[in-house]
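This report refers to the structure that appears directly beneath it.
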Amino acid sequence: MWQTLTRGTALPADEGSTALDCGPHPSDDMDETHVVTVFLRHGADVLLLRRSDEVGSYSGRWGAVAGHAEGDPEAAAREEIREETGLDPEADVAFCRRGDPFPVEDADLGVRWVVHPFLFEVDDHWGRESEPDARWMEGRENEGREIRDREIGGREIEPNRETAAWEWAPPTEILRRETVPDLWRSYDAVRPTVESVATDREHGSAWLSLRALEVLRDEAALAVGRRGEEGTRDDLRELARDLVGTRPTMTVLRNRVDRVMAGAIEGDAEAAESEADKATGIDEEAAVEPGGVESGAAEPGTLESAAEAVIARSLAADEQAAATAAERVDGARVATLSRSGTVLQALERGDPAAVLVAESRPGGEGVGVAEDLADAGLDVTLTSDGALAAQLETWGPDVLLVGADAVLADGHVVNKVGTRGAALAATHEDVPVLVVAATDKVDASGTTPASVDREEDAMGPLYDGDAPLATANPTFDVTPPALVEAVLTEEGRLVPDDISSVAAAHRARAAWRDGG
């Protein structure tokens, strides 16, 4: 299995970042100061801040939200978010991960920093007043400090005097800039990994697919510095295969990794052919470098660029699919279950009259969804899974809106267990069933309803007693297309012929997995 390249290790110094000796022999005469380094993620970018002349150390260098950690580091992290961005650390961001603290010694300052890394995600699903018109915006300096603010979900980020400029950027930019000491090491402690993607049981498949793309992007960027070393391209190909295999039911993760690999290999092929044309004056397919297209491997730099492109495409596709669904839920009474980021976006855009949410066991993630919706000011009713069918009669929904982990080529929908029962009950009550999903959730692997991996007991056993009985405790179920009025995507409504065409395109992009 793939092992993350830099987890728990020090990175070599380069022109863009500063690596300091954090070895096992700290100087006894140094003052020790605990600090937090807080990464805020929006989409797949993080907030980078360039330190102003107002700060006492590392002026002009790029960093993240940071400050002294006196007492509880997480409480300090939240307070720094408030002070340095103007965001409400309780309402505007969500805690993701906390890394192990590590020491950084600065001999010039005579300080040993003990860094506590954190990752929070900016919550932009609620209160959005307008669509952001750019993926990032940079501040500018004017006589020491003048900041141009950027809106995230209708909320302004308002840096304080410690910041001279700021930007939402891929975290791989840390590797290319002059930063505060060991900034990448802090990010490395909290960034997504193959393991975190494999074990996450809280988030939806679209969200996890973005985390998988981040893993591929980050490792490709690290590999750029080792370009030419034996095995680097093969290592990245194996990483991509490991990511595909982490969640076998998550079609969107597989399709998006395939998009990256196919795009990178095609980019390498075009570059190789271009170089051959320059050298020979003719177009030679044979000029493609061995180990590229034929082996399913790609150059690290091309792979990093392809991952960034697919991340941008994926975010746009999920947004547009949500916009398609929003037209159907505007002012409606909507029933739903489980947690789907695309469904949440559709509810935000559509402004429904009321929402009925099933608790969605195993896992119970529907409870958190109901809380989020209620906190956003919507009229929300939470119900048990067992009561959902009756509620579809008495509560009176206008539509049942669900996400999908996969849409099979024949139109069957794979989603959280309970979806099929809800669709059956909704059909009986003449409530239309809508599935909202990006086209990357169309399965191209030839999976049939009978062969779907339903992930039995994935969230824990249903029964741990001694009685001689069998259990049926799936995480996913399969809903027949006859129960679904429409699959709403970034390309509009999909009919069965459309689904087959999308699946064929996905199959072509998966050819890289046959190489090597």
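Values in this text are rule-based calculations from the coordinates and carry no lab data. Not measured: the values here are computed from a predicted model. Virtual Cβ from ideal backbone geometry, glycine too; neighbours counted across all protein chains shown.
Here are the numbers for the structure shown:
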{"read-out": "Relative contact order, percent, region 199-255 [alpha-carbon distance under 8 Å, six or more residues apart]", "value": "50 percent"}
{"read-out": "Rounded FRET efficiency, nearest 0.05, which uses the C-beta distance separating residue 393 from residue 226 and R0 of 45 Å", "value": "0.15"}
{"read-out": "Residue 424/residue 312 FRET efficiency (R0 51 Å; Cβ-Cβ; nearest 0.05)", "value": "0.85"}
{"read-out": "Karplus (6.51, -1.76, 1.60) ³J(HN,Hα), θ = phi - 60°, over region 35-51, in Hz, Gly and Pro reported as x", "value": "9, 10, 10, 10, 8, 9, 9, 10, x, 10, 9, 10, 7, 10, 10, 9, 6"}
{"read-out": "Length released on extending from residue 327 to residue 68, taking residue separation times 0.36 nm less the Cα-Cα span", "value": "88.5 nm"}
{"read-out": "For region 450-492, the spread of Cα positions along each principal axis, largest first, Å", "value": "51, 20, 17"}
{"read-out": "Long-range HN-HN contacts of residue 380 with modeled amide H, under 5 Å", "value": "355"}
{"read-out": "Residues whose placed amide H lies under 5 Å from that of residue 444, excluding near-sequence neighbours", "value": "none"}
{"read-out": "Length-normalised contact order of region 411-516 in % [C-alpha pairs under 8 Å, at least 6 apart]", "value": "43 percent"}
{"read-out": "Region 360-428 - convex hull of alpha carbons, volume per residue in Å³", "value": "101 Å³"}
{"read-out": "3J(HN,Hα) from dihedral phi, region 58-64, Karplus parametrisation 6.51/-1.76/1.60, rounded to Hz, x for glycine, proline", "value": "6, 4, x, 8, 8, x, 10"}
{"read-out": "Whole-Å semi-axes of region 289-445's equivalent ellipsoid (Cα gyration tensor)", "value": "35, 17, 14"}
{"read-out": "Spacing of the two label points (7 Å from each Cα toward its C-beta) at residue 161 and residue 121, in nm", "value": "3.6 nm"}
{"read-out": "Mean shadow area of region 202-251, taken as a quarter of the surface of its Cα convex hull (nm²)", "value": "3.6 nm²"}
{"read-out": "Phi to ³J(HN,Hα) by Karplus 6.51 cos²θ - 1.76 cosθ + 1.60 over region 472-478, Hz, x for Gly, Pro", "value": "10, 9, x, 8, 10, 9, 10"}
{"read-out": "Rg/Rh ratio calculated on Cα atoms of region 389-479 (Kirkwood radius)", "value": "1.04"}
